[in-house]
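J.: Below is one structure. I have some questions about it.
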Amino acid sequence: MVTSDCVFCRIVAGETPATVVHETATTLAFRDIHPQAPVHVLVIPKAHHADVAALAVADPGLAGDVLATAAAVAAAEGVAASGFRLVFNTGADGGQDVFHAHGHVLGGVRTGPMVAR
Ligand code: AMP
Ligand code: ZN
C-alpha cells in the first residue's frame, strides 16, 4: 500500500528502495539516485516537512538532528577532513524538486563555484 505521494516519505516507510548509509531515530541518510559527486548522500528528517525553512520553524531540534546526521555521514564517507558541501535547495529559485526537507552532502571533489553564472 502506498502511504504517501512524497517519494522521501515512501523511502522512510520502506515502500521505495534506497541505499541507506545512516539512520537515527529521527533521520535517514541515503545515496542520491543521480549522484553529482563521488559522495552524494541525502539527509532527511523522517517526519515530513516541505523544506528546511519549514522544518526549522516547526521543529528546530529535528533540524539540528539533520545537521548532526549530515556531519556523521561526512565522517563515515571519509570526507570530513577533505571537506564537503551541505546544500538545502529551497523553493523554485533554489532548484528544489522534492518537497520533503533534505540536505545534500557532496564531497570527494572540489565542488566549485557556489552559484552558476
Ligand atoms: P532537490 O533538487 O534539492 O529537491 O533534490 C532532489 C534530489 O533527490 C535529486 O538530487 C534527485 O536525484 C534525488 N532523488 C529523487 N528521487 C530519489 C530517490 N528515489 N532516491 C534517491 N534520490 C532521489
Ligand atoms: Zn515526505
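The values are calculated or read from the model by the stated rules, or taken from the named source; none is laboratory data. Please read these numbers as outputs of a predicted model, since none were measured by experiment. Cβ placement follows ideal geometry from the backbone for every residue including glycine, while neighbour counts extend to all protein chains displayed.
J.: Would you say residue 68 is at pLDDT 95 or above and assigned to a helix (DSSP H, G or I)? Working first, answer last.
T.: On the way: at pLDDT 95 or above: yes; assigned to a helix (DSSP H, G or I): yes.
For residue 68, the condition - at pLDDT 95 or above and assigned to a helix (DSSP H, G or I) - is met.
J.: Would you pick out the residues in region 1-36 that are aliphatic (A, V, I, L, M) and outside any strand (DSSP E or B)? Walk me through it before giving the result.
T.: Filtering region 1-36 for residues aliphatic (A, V, I, L, M) gives 1-2, 7, 11-13, 18, 20-21, 25, 28-29, 33.
Listed by number, the residues that qualify are 1, 2, 7, 11, 12, 13, 18, 25, 33.
J.: In region 6-28, which residues are crowded, with 17+ Cβ neighbours inside 10 Å and away from ligand 2 (no atom under 15 Å from the Cβ)?
T.: Within region 6-28, 21, 22 qualify.
J.: Specify the residue that is nearest to residue 72 (Cα to Cα); the eligible residues are those in region 6-54 that are away from ligand 1 (no atom under 13 Å from the Cβ), out of contact with any Pro (no Cβ under 8 Å at 6 or more places or on another chain) and without any contact (Cβ under 8 Å) to a residue 40 or more places away in the chain.
T.: 23
J.: Which one is nearest to residue 44 (Cα to Cα), of the residues in region 71-89 that are in contact with a helix residue (DSSP H, G or I) (Cβ under 6 Å, 6 or more places away or on another chain) and part of a loop (DSSP other than H, G, I, E, B)?
T.: 88
J.: Condition test on residue 18, is it within 26 Å of residue 3 (Cβ to Cβ) and in contact with a strand residue (DSSP E or B) (Cβ under 8 Å, 6 or more places away or on another chain)?
T.: Yes; evaluated as a whole, the condition is true for this residue.
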